[in-house]
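Student: The structure that follows is given in the form of C-alpha coordinates.
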Number of protein chains: 2
Amino acid sequence: MNPSADCPYDLWDETIEFEGRWLRTKQIRFRERKSKHEGVWQSSHRVTKPANCEVDGVDILAVLHKNGQKFFIFVKQYRIPMKAWCLEFPAGLIDEGESVEAAAIREMKEETGYTVTKVLQRSEGVQGLDPGLTDDSIQFVTVEVDGDDPRNAHPEQQLQSEEAIEVVLVECNRVLEWMKENEKKMHIEAMVYSFAIGYDLGQKFKNL
Amino acid sequence: MNPSADCPYDLWDETIEFEGRWLRTKQIRFRERKSKHEGVWQSSHRVTKPANCEVDGVDILAVLHKNGQKFFIFVKQYRIPMKAWCLEFPAGLIDEGESVEAAAIREMKEETGYTVTKVLQRSEGVQGLDPGLTDDSIQFVTVEVDGDDPRNAHPEQQLQSEEAIEVVLVECNRVLEWMKENEKKMHIEAMVYSFAIGYDLGQKFKNL
(Lines give C-alpha, C1' and ligand atoms only; values in the text may rest on other atoms or scores of the structure.)
Protein backbone atom coordinates (compact mmCIF):
# COMPACT_ATOMS: atom_id res chain seq x y z
CA MET A 1 0.00 0.00 0.00
CA ASN A 2 2.95 2.38 0.55
CA PRO A 3 3.80 4.08 -2.72
CA SER A 4 7.15 5.85 -3.16
CA ALA A 5 7.49 9.46 -2.01
CA ASP A 6 7.38 10.68 -5.61
CA CYS A 7 4.04 8.96 -6.30
CA PRO A 8 1.67 11.50 -7.89
CA TYR A 9 -1.39 9.76 -6.41
CA ASP A 10 -2.90 9.24 -3.00
CA LEU A 11 -3.82 5.55 -2.83
CA TRP A 12 -6.20 3.92 -0.36
CA ASP A 13 -8.83 1.23 0.15
CA GLU A 14 -6.90 -1.57 -1.60
CA THR A 15 -9.03 -4.70 -1.78
CA ILE A 16 -8.53 -8.20 -3.15
CA GLU A 17 -11.44 -9.05 -5.46
CA PHE A 18 -10.26 -12.51 -6.50
CA GLU A 19 -7.53 -14.76 -5.16
CA GLY A 20 -6.68 -17.85 -7.21
CA ARG A 21 -3.90 -20.41 -7.50
CA TRP A 22 -2.12 -18.25 -10.11
CA LEU A 23 -3.65 -14.78 -10.10
CA ARG A 24 -4.94 -12.15 -7.71
CA THR A 25 -7.28 -9.36 -8.88
CA LYS A 26 -7.09 -6.14 -6.90
CA GLN A 27 -8.84 -2.81 -6.80
CA ILE A 28 -7.51 0.39 -5.30
CA ARG A 29 -8.85 3.95 -4.98
CA PHE A 30 -6.66 6.80 -6.21
CA ARG A 31 -6.62 10.58 -6.18
CA GLU A 32 -4.25 12.44 -8.52
CA ARG A 33 -2.66 14.99 -6.19
CA LYS A 34 -2.65 18.01 -8.50
CA SER A 35 -6.00 17.65 -10.28
CA LYS A 36 -7.74 15.92 -7.31
CA HIS A 37 -9.26 13.53 -9.87
CA GLU A 38 -10.47 10.40 -8.06
CA GLY A 39 -11.07 6.95 -9.43
CA VAL A 40 -10.66 3.20 -9.03
CA TRP A 41 -7.82 1.18 -10.58
CA GLN A 42 -8.31 -2.55 -11.17
CA SER A 43 -5.26 -4.74 -11.66
CA SER A 44 -4.09 -8.32 -11.96
CA HIS A 45 -1.12 -9.84 -10.12
CA ARG A 46 0.72 -13.15 -10.30
CA VAL A 47 0.93 -14.88 -6.92
CA THR A 48 3.88 -17.08 -7.91
CA LYS A 49 6.84 -14.66 -7.67
CA PRO A 50 9.75 -16.30 -5.84
CA ALA A 51 10.88 -14.74 -2.55
CA ASN A 52 13.82 -12.32 -2.92
CA CYS A 53 13.26 -12.04 -6.66
CA GLU A 54 12.54 -8.67 -8.25
CA VAL A 55 10.67 -10.13 -11.23
CA ASP A 56 8.31 -12.98 -12.10
CA GLY A 57 10.04 -14.38 -15.13
CA VAL A 58 12.79 -14.27 -17.71
CA ASP A 59 12.66 -13.71 -21.47
CA ILE A 60 15.54 -14.91 -23.61
CA LEU A 61 16.89 -13.18 -26.64
CA ALA A 62 18.83 -15.93 -28.37
CA VAL A 63 20.99 -15.63 -31.46
CA LEU A 64 21.76 -18.95 -33.15
CA HIS A 65 24.96 -19.07 -35.21
CA LYS A 66 24.87 -21.96 -37.67
CA ASN A 67 26.73 -22.59 -40.93
CA GLY A 68 27.83 -18.94 -41.07
CA GLN A 69 24.26 -17.67 -40.75
CA LYS A 70 22.51 -15.92 -37.84
CA PHE A 71 18.98 -16.64 -36.63
CA PHE A 72 16.78 -15.41 -33.79
CA ILE A 73 15.18 -18.25 -31.85
CA PHE A 74 11.48 -17.70 -31.16
CA VAL A 75 8.75 -20.00 -29.89
CA LYS A 76 5.19 -20.32 -31.12
CA GLN A 77 2.95 -21.21 -28.23
CA TYR A 78 -0.78 -21.70 -27.86
CA ARG A 79 -1.98 -19.18 -25.25
CA ILE A 80 -5.24 -19.91 -23.51
CA PRO A 81 -5.91 -16.26 -22.40
CA MET A 82 -5.72 -15.19 -26.09
CA LYS A 83 -7.17 -18.41 -27.55
CA ALA A 84 -4.53 -18.18 -30.25
CA TRP A 85 -1.01 -19.22 -31.23
CA CYS A 86 1.49 -16.51 -30.27
CA LEU A 87 5.05 -15.90 -31.41
CA GLU A 88 7.17 -15.09 -28.35
CA PHE A 89 10.68 -15.09 -27.01
CA PRO A 90 11.56 -18.29 -25.15
CA ALA A 91 10.57 -17.46 -21.57
CA GLY A 92 9.41 -18.78 -18.26
CA LEU A 93 8.81 -18.12 -14.61
CA ILE A 94 11.84 -18.12 -12.31
CA ASP A 95 11.96 -20.98 -9.81
CA GLU A 96 12.42 -20.41 -6.09
CA GLY A 97 16.11 -19.72 -5.39
CA GLU A 98 17.08 -19.74 -9.08
CA SER A 99 19.21 -16.98 -10.65
CA VAL A 100 17.89 -15.15 -13.70
CA GLU A 101 20.73 -16.51 -15.88
CA ALA A 102 20.12 -20.08 -14.66
CA ALA A 103 16.41 -19.74 -15.44
CA ALA A 104 17.28 -18.50 -18.94
CA ILE A 105 19.59 -21.44 -19.66
CA ARG A 106 17.03 -23.92 -18.29
CA GLU A 107 14.09 -22.46 -20.20
CA MET A 108 16.12 -22.39 -23.46
CA LYS A 109 16.83 -26.09 -23.07
CA GLU A 110 13.25 -26.97 -22.12
CA GLU A 111 11.37 -24.85 -24.65
CA THR A 112 13.74 -25.00 -27.63
CA GLY A 113 16.13 -27.91 -27.00
CA TYR A 114 19.14 -25.64 -27.57
CA THR A 115 22.09 -25.47 -25.18
CA VAL A 116 23.18 -21.89 -24.48
CA THR A 117 26.90 -21.55 -25.27
CA LYS A 118 27.37 -17.98 -24.01
CA VAL A 119 25.42 -15.53 -21.84
CA LEU A 120 26.04 -12.08 -23.33
CA GLN A 121 24.10 -9.67 -21.12
CA ARG A 122 21.06 -9.30 -18.89
CA SER A 123 18.82 -6.47 -17.84
CA GLU A 124 19.01 -5.45 -14.19
CA GLY A 125 15.78 -3.72 -13.32
CA VAL A 126 12.09 -4.53 -13.65
CA GLN A 127 10.57 -4.89 -17.12
CA GLY A 128 6.81 -4.62 -16.83
CA LEU A 129 4.81 -6.55 -19.43
CA ASP A 130 1.57 -4.55 -19.29
CA PRO A 131 2.03 -1.92 -16.59
CA GLY A 132 -1.44 -0.39 -16.90
CA LEU A 133 -2.99 -3.75 -16.03
CA THR A 134 -0.52 -5.85 -14.05
CA ASP A 135 2.80 -5.85 -12.18
CA ASP A 136 3.80 -9.04 -14.03
CA SER A 137 7.46 -8.50 -14.92
CA ILE A 138 10.58 -10.03 -16.41
CA GLN A 139 14.26 -9.48 -16.99
CA PHE A 140 15.93 -10.09 -20.35
CA VAL A 141 18.92 -12.36 -20.85
CA THR A 142 20.70 -12.18 -24.21
CA VAL A 143 22.45 -15.40 -25.16
CA GLU A 144 24.42 -16.95 -27.96
CA VAL A 145 23.78 -20.47 -29.21
CA ASP A 146 26.55 -22.09 -31.21
CA GLY A 147 24.61 -24.27 -33.64
CA ASP A 148 27.77 -26.02 -34.73
CA ASP A 149 28.47 -27.22 -31.19
CA PRO A 150 27.84 -31.02 -31.00
CA ARG A 151 25.33 -30.46 -28.14
CA ASN A 152 23.19 -28.50 -30.60
CA ALA A 153 23.28 -30.99 -33.48
CA HIS A 154 19.85 -32.45 -32.63
CA PRO A 155 18.01 -30.06 -30.30
CA GLU A 156 15.15 -31.77 -28.48
CA GLN A 157 12.58 -29.90 -26.44
CA GLN A 158 11.82 -30.99 -22.89
CA LEU A 159 8.30 -29.65 -22.57
CA GLN A 160 6.11 -29.87 -19.53
CA SER A 161 3.03 -31.93 -20.18
CA GLU A 162 0.70 -28.91 -20.32
CA GLU A 163 2.82 -27.00 -22.85
CA ALA A 164 2.25 -26.71 -26.60
CA ILE A 165 5.31 -25.01 -28.11
CA GLU A 166 7.01 -25.00 -31.52
CA VAL A 167 10.47 -23.57 -32.24
CA VAL A 168 10.67 -20.90 -34.96
CA LEU A 169 14.02 -19.76 -36.41
CA VAL A 170 14.06 -16.42 -38.23
CA GLU A 171 17.07 -15.16 -40.17
CA CYS A 172 18.26 -12.04 -38.30
CA ASN A 173 18.38 -9.67 -41.25
CA ARG A 174 14.83 -10.63 -42.31
CA VAL A 175 13.23 -10.30 -38.88
CA LEU A 176 10.83 -7.39 -39.55
CA GLU A 177 10.02 -8.72 -43.03
CA TRP A 178 9.14 -12.08 -41.40
CA MET A 179 6.81 -10.37 -38.91
CA LYS A 180 5.00 -8.60 -41.76
CA GLU A 181 4.64 -11.85 -43.70
CA ASN A 182 3.26 -13.71 -40.68
CA GLU A 183 1.34 -11.17 -38.58
CA LYS A 184 -2.03 -12.22 -39.95
CA LYS A 185 -1.29 -15.93 -39.43
CA MET A 186 -0.56 -15.78 -35.69
CA HIS A 187 -0.48 -13.31 -32.84
CA ILE A 188 2.95 -11.77 -32.34
CA GLU A 189 3.86 -10.75 -28.82
CA ALA A 190 4.31 -6.97 -28.52
CA MET A 191 7.90 -7.20 -27.26
CA VAL A 192 8.88 -9.46 -30.17
CA TYR A 193 7.35 -7.05 -32.67
CA SER A 194 9.01 -3.99 -31.10
CA PHE A 195 12.31 -5.88 -31.08
CA ALA A 196 11.95 -6.46 -34.84
CA ILE A 197 11.11 -2.78 -35.48
CA GLY A 198 14.13 -1.80 -33.37
CA TYR A 199 16.43 -4.16 -35.26
CA ASP A 200 15.24 -2.77 -38.60
CA LEU A 201 15.68 0.87 -37.48
CA GLY A 202 19.12 0.08 -36.04
CA GLN A 203 20.21 -1.14 -39.46
CA LYS A 204 18.63 1.81 -41.28
CA PHE A 205 20.03 4.45 -38.93
CA LYS A 206 23.55 3.04 -38.80
CA ASN A 207 26.05 5.57 -40.10
CA LEU A 208 23.29 7.93 -41.21
CA MET B 1 -15.34 -20.72 -25.71
CA ASN B 2 -14.69 -22.02 -29.25
CA PRO B 3 -10.96 -22.31 -29.81
CA SER B 4 -9.56 -22.62 -33.31
CA ALA B 5 -9.38 -26.07 -34.91
CA ASP B 6 -5.63 -26.21 -34.36
CA CYS B 7 -5.94 -25.59 -30.62
CA PRO B 8 -3.90 -28.23 -28.76
CA TYR B 9 -6.24 -28.11 -25.75
CA ASP B 10 -9.77 -29.09 -24.92
CA LEU B 11 -11.28 -26.12 -23.08
CA TRP B 12 -14.40 -26.14 -20.93
CA ASP B 13 -16.09 -24.76 -17.83
CA GLU B 14 -15.17 -21.10 -18.48
CA THR B 15 -16.28 -18.94 -15.56
CA ILE B 16 -16.12 -15.24 -14.74
CA GLU B 17 -14.59 -14.82 -11.28
CA PHE B 18 -14.63 -11.02 -11.18
CA GLU B 19 -16.32 -8.44 -13.39
CA GLY B 20 -15.37 -4.81 -12.88
CA ARG B 21 -15.61 -1.49 -14.70
CA TRP B 22 -12.23 -2.10 -16.39
CA LEU B 23 -11.25 -5.75 -15.95
CA ARG B 24 -12.75 -9.21 -16.00
CA THR B 25 -11.01 -12.17 -14.33
CA LYS B 26 -11.77 -15.56 -15.86
CA GLN B 27 -10.95 -19.16 -15.16
CA ILE B 28 -11.12 -22.03 -17.65
CA ARG B 29 -10.40 -25.76 -17.44
CA PHE B 30 -8.03 -27.25 -20.03
CA ARG B 31 -6.77 -30.66 -21.14
CA GLU B 32 -3.68 -30.88 -23.36
CA ARG B 33 -4.83 -33.27 -26.07
CA LYS B 34 -1.64 -35.35 -26.42
CA SER B 35 -0.51 -35.63 -22.81
CA LYS B 36 -4.08 -35.50 -21.35
CA HIS B 37 -2.65 -33.15 -18.70
CA GLU B 38 -5.53 -31.24 -17.09
CA GLY B 39 -5.49 -27.95 -15.26
CA VAL B 40 -7.06 -24.57 -14.67
CA TRP B 41 -5.96 -21.36 -16.42
CA GLN B 42 -6.72 -18.01 -14.78
CA SER B 43 -6.63 -14.87 -16.92
CA SER B 44 -7.41 -11.17 -16.94
CA HIS B 45 -9.28 -9.32 -19.70
CA ARG B 46 -10.02 -5.69 -20.46
CA VAL B 47 -13.74 -5.00 -20.88
CA THR B 48 -13.19 -1.76 -22.80
CA LYS B 49 -12.26 -3.02 -26.30
CA PRO B 50 -14.21 -1.08 -28.99
CA ALA B 51 -16.61 -3.04 -31.19
CA ASN B 52 -15.10 -4.12 -34.54
CA CYS B 53 -11.58 -3.52 -33.26
CA GLU B 54 -9.05 -6.33 -33.20
CA VAL B 55 -6.98 -4.82 -30.40
CA ASP B 56 -7.39 -2.80 -27.21
CA GLY B 57 -4.82 -0.10 -27.78
CA VAL B 58 -2.05 1.45 -29.82
CA ASP B 59 1.65 1.95 -29.04
CA ILE B 60 3.57 4.58 -30.93
CA LEU B 61 7.14 4.34 -32.01
CA ALA B 62 8.08 7.94 -32.67
CA VAL B 63 11.33 9.28 -34.12
CA LEU B 64 11.88 12.99 -33.53
CA HIS B 65 14.15 14.74 -36.04
CA LYS B 66 15.47 17.99 -34.60
CA ASN B 67 18.52 20.11 -35.44
CA GLY B 68 19.99 17.25 -37.49
CA GLN B 69 19.71 14.78 -34.57
CA LYS B 70 17.37 11.82 -34.06
CA PHE B 71 15.59 10.95 -30.81
CA PHE B 72 13.09 8.31 -29.72
CA ILE B 73 10.12 9.78 -27.85
CA PHE B 74 9.23 7.85 -24.70
CA VAL B 75 6.96 8.66 -21.78
CA LYS B 76 7.57 8.10 -18.09
CA GLN B 77 4.31 7.35 -16.38
CA TYR B 78 3.36 6.41 -12.84
CA ARG B 79 1.62 3.03 -12.99
CA ILE B 80 -0.63 2.10 -10.12
CA PRO B 81 -0.53 -1.71 -10.76
CA MET B 82 3.29 -1.58 -10.43
CA LYS B 83 3.41 1.22 -7.86
CA ALA B 84 6.33 2.67 -9.81
CA TRP B 85 7.31 5.06 -12.58
CA CYS B 86 7.61 3.19 -15.89
CA LEU B 87 9.31 4.15 -19.14
CA GLU B 88 6.97 3.28 -22.01
CA PHE B 89 6.13 4.08 -25.60
CA PRO B 90 3.42 6.73 -25.91
CA ALA B 91 0.24 4.65 -26.00
CA GLY B 92 -3.43 4.50 -25.27
CA LEU B 93 -6.71 2.71 -25.67
CA ILE B 94 -8.49 3.07 -29.01
CA ASP B 95 -11.77 4.99 -28.86
CA GLU B 96 -15.01 3.59 -30.27
CA GLY B 97 -15.01 4.02 -34.07
CA GLU B 98 -11.45 5.39 -34.17
CA SER B 99 -8.79 4.05 -36.58
CA VAL B 100 -5.48 2.84 -35.20
CA GLU B 101 -3.58 5.61 -37.00
CA ALA B 102 -5.97 8.28 -35.70
CA ALA B 103 -5.57 6.95 -32.15
CA ALA B 104 -1.78 7.10 -32.57
CA ILE B 105 -1.81 10.73 -33.74
CA ARG B 106 -4.24 11.72 -30.95
CA GLU B 107 -2.29 9.95 -28.20
CA MET B 108 1.00 11.47 -29.40
CA LYS B 109 -0.50 14.95 -29.12
CA GLU B 110 -2.12 14.27 -25.72
CA GLU B 111 0.74 12.44 -24.01
CA THR B 112 3.76 14.21 -25.55
CA GLY B 113 2.46 17.45 -27.10
CA TYR B 114 4.12 16.57 -30.42
CA THR B 115 2.29 16.73 -33.74
CA VAL B 116 2.96 13.68 -35.92
CA THR B 117 4.25 14.85 -39.32
CA LYS B 118 4.32 11.44 -41.04
CA VAL B 119 2.89 7.97 -40.38
CA LEU B 120 5.50 5.49 -41.60
CA GLN B 121 4.02 2.06 -40.94
CA ARG B 122 1.71 0.08 -38.69
CA SER B 123 1.38 -3.52 -37.62
CA GLU B 124 -1.66 -5.39 -38.87
CA GLY B 125 -2.28 -8.28 -36.53
CA VAL B 126 -2.67 -8.68 -32.78
CA GLN B 127 0.28 -7.91 -30.51
CA GLY B 128 -0.35 -9.50 -27.12
CA LEU B 129 1.20 -7.70 -24.15
CA ASP B 130 1.35 -10.61 -21.71
CA PRO B 131 -0.24 -13.59 -23.47
CA GLY B 132 0.17 -16.04 -20.57
CA LEU B 133 -1.95 -13.79 -18.37
CA THR B 134 -4.22 -11.62 -20.53
CA ASP B 135 -5.57 -11.04 -24.04
CA ASP B 136 -4.79 -7.31 -23.69
CA SER B 137 -3.35 -6.32 -27.06
CA ILE B 138 -2.10 -3.48 -29.21
CA GLN B 139 -0.94 -2.57 -32.69
CA PHE B 140 2.19 -0.52 -33.35
CA VAL B 141 2.24 2.66 -35.40
CA THR B 142 5.66 4.04 -36.38
CA VAL B 143 5.68 7.78 -36.91
CA GLU B 144 8.03 10.62 -37.72
CA VAL B 145 7.94 13.93 -35.86
CA ASP B 146 9.60 16.89 -37.55
CA GLY B 147 10.91 18.86 -34.59
CA ASP B 148 11.72 21.81 -36.82
CA ASP B 149 8.07 22.15 -37.90
CA PRO B 150 6.57 25.30 -36.29
CA ARG B 151 3.79 23.16 -34.71
CA ASN B 152 6.49 21.35 -32.74
CA ALA B 153 8.35 24.42 -31.50
CA HIS B 154 6.67 24.36 -28.05
CA PRO B 155 5.06 20.94 -27.53
CA GLU B 156 2.46 21.00 -24.76
CA GLN B 157 0.88 17.88 -23.31
CA GLN B 158 -2.90 17.63 -23.08
CA LEU B 159 -3.15 15.14 -20.23
CA GLN B 160 -6.33 13.75 -18.80
CA SER B 161 -6.79 14.76 -15.20
CA GLU B 162 -5.92 11.30 -13.83
CA GLU B 163 -2.66 10.99 -15.81
CA ALA B 164 0.88 11.60 -14.53
CA ILE B 165 3.20 11.50 -17.54
CA GLU B 166 6.61 13.03 -18.39
CA VAL B 167 8.16 13.10 -21.88
CA VAL B 168 11.62 11.52 -22.23
CA LEU B 169 13.75 12.03 -25.36
CA VAL B 170 16.57 9.54 -25.95
CA GLU B 171 19.17 9.96 -28.68
CA CYS B 172 18.60 7.04 -31.07
CA ASN B 173 22.15 5.78 -31.20
CA ARG B 174 22.40 5.76 -27.38
CA VAL B 175 19.13 3.94 -26.74
CA LEU B 176 20.45 0.71 -25.16
CA GLU B 177 23.15 2.61 -23.26
CA TRP B 178 20.40 4.88 -21.88
CA MET B 179 18.38 1.87 -20.71
CA LYS B 180 21.42 0.46 -18.89
CA GLU B 181 22.11 3.81 -17.21
CA ASN B 182 18.50 4.19 -16.06
CA GLU B 183 17.15 0.68 -15.45
CA LYS B 184 17.70 0.87 -11.68
CA LYS B 185 16.06 4.29 -11.45
CA MET B 186 12.68 3.37 -12.99
CA HIS B 187 10.85 0.36 -14.38
CA ILE B 188 11.31 0.00 -18.13
CA GLU B 189 8.46 -1.61 -20.05
CA ALA B 190 9.50 -4.93 -21.59
CA MET B 191 8.67 -3.89 -25.16
CA VAL B 192 10.75 -0.72 -24.81
CA TYR B 193 13.72 -2.69 -23.50
CA SER B 194 13.47 -5.33 -26.24
CA PHE B 195 13.19 -2.52 -28.82
CA ALA B 196 16.48 -1.07 -27.49
CA ILE B 197 18.21 -4.48 -27.60
CA GLY B 198 16.91 -4.94 -31.15
CA TYR B 199 18.17 -1.52 -32.23
CA ASP B 200 21.62 -2.25 -30.78
CA LEU B 201 21.82 -5.68 -32.45
CA GLY B 202 20.63 -4.21 -35.76
CA GLN B 203 23.55 -1.80 -35.70
CA LYS B 204 26.05 -4.47 -34.65
CA PHE B 205 24.89 -7.04 -37.21
CA LYS B 206 24.72 -4.64 -40.13
CA ASN B 207 27.09 -5.69 -42.91
CA LEU B 208 28.57 -8.45 -40.77
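The values are calculated or read from the model by the stated rules, or taken from the named source; none is laboratory data. Predicted model, so just to flag it, every value in this text is computed and none were measured. Cβ: placed from backbone, ideal geometry, glycine included. Neighbour counts: every protein chain shown. The area values use the complete protein model at the heavy-atom level, side chains included, leaving out ligands, DNA and RNA. Shrake-Rupley method; radii C 1.70, N 1.55, O 1.52, S 1.80 Å.
Student: With respect to the numbered conditions (1) more than 10 Å from every other protein chain (Cβ to nearest Cβ); (2) more than 30 Å from residue A:26 (Cα to Cα); (3) touching a helix residue (DSSP H, G or I) at 6+ places or on another chain (Cβ under 9 Å), which one is the sole condition not fulfilled by residue A:98?
Tutor: Residue A:98 satisfies all of (1) more than 10 Å from every other protein chain (Cβ to nearest Cβ); (2) more than 30 Å from residue A:26 (Cα to Cα); (3) touching a helix residue (DSSP H, G or I) at 6+ places or on another chain (Cβ under 9 Å) except (2).
The rows are residues; the columns are (1) touching a residue at least 12 places away in the same chain (Cβ under 8 Å); (2) more than 7 Å from chain B (Cβ to nearest Cβ).
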| residue | (1), (2) |
| --- | --- |
| A:124 | yes, no |
| A:136 | yes, no |
| A:152 | yes, yes |
| A:155 | yes, yes |
| A:164 | yes, no |
| A:177 | no, yes |
| A:193 | yes, no |
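Student: I would also like to ask the following. Quick one: count up the residues across region A:152-173 that are over 20 Å from the mean Cα position of the chain (by Cα) and open to solvent by less than 70 Å² (accessible area, probe 1.4 Å). Explain how you work it out, then say what you get.
Tutor: Filtering region A:152-173 down to residues over 20 Å from the mean Cα position of the chain (by Cα) leaves A:152-156, A:161, A:171, A:173.
If we keep only those that are open to solvent by less than 70 Å² (accessible area, probe 1.4 Å) as well, we get A:152-153, A:155, A:161.
Total satisfying the criteria: 4.
Student: Counting just the residues of region B:1-60 that are of a type in the set (Val, Ile, Thr) and in a strand (DSSP E or B), which one comes out surrounded by the most Cβ atoms within 10 Å (Cβ to Cβ)? Write out each step before concluding.
Tutor: Of all residues in region B:1-60, those of a type in the set (Val, Ile, Thr) come to B:15-16, B:25, B:28, B:40, B:47-48, B:55, B:58, B:60.
Imposing the further condition that a residue be in a strand (DSSP E or B) reduces the set to B:15-16, B:25, B:28, B:40, B:58, B:60.
Details: B:15: 10, B:16: 11, B:25: 23, B:28: 20, B:40: 14, B:58: 29, B:60: 27.
If we take residues in region B:1-60 being of a type in the set (Val, Ile, Thr) and in a strand (DSSP E or B), then B:58 is surrounded by the most Cβ atoms within 10 Å (Cβ to Cβ).
Student: All but one of (1) modelled with pLDDT of 95 or more; (2) closer than 30 Å to residue B:195 by Cβ hold for residue B:15, so report the exception by its number.
Tutor: (2)
Student: Taking interchain pairs and intrachain pairs at least six residues apart, which have beta carbon atoms under 7 angstrom, with the first residue in region B:72-84 and in contact (Cβ under 8 Å) with a residue 60 or more places away in the chain and more than 7 Å from every other protein chain (Cβ to nearest Cβ) and the second hydroxyl-bearing (Ser, Thr, Tyr) and open to solvent by 10 Å² or more (accessible area, probe 1.4 Å)?
Tutor: From region B:72-84, the pairs are B:73/B:114.
Student: Suppose we filter region B:61-99 for residues that are among the acidic types (Asp, Glu) and in a strand (DSSP E or B); how many remain? Give the steps one after another, and end with the answer.
Tutor: To start, the set of residues in region B:61-99 that are among the acidic types (Asp, Glu) comprises B:88, B:95-96, B:98.
After this cut, where a residue has to be in a strand (DSSP E or B) as well, the list is B:88.
Within region B:61-99, residues that are among the acidic types (Asp, Glu) and in a strand (DSSP E or B) number 1.
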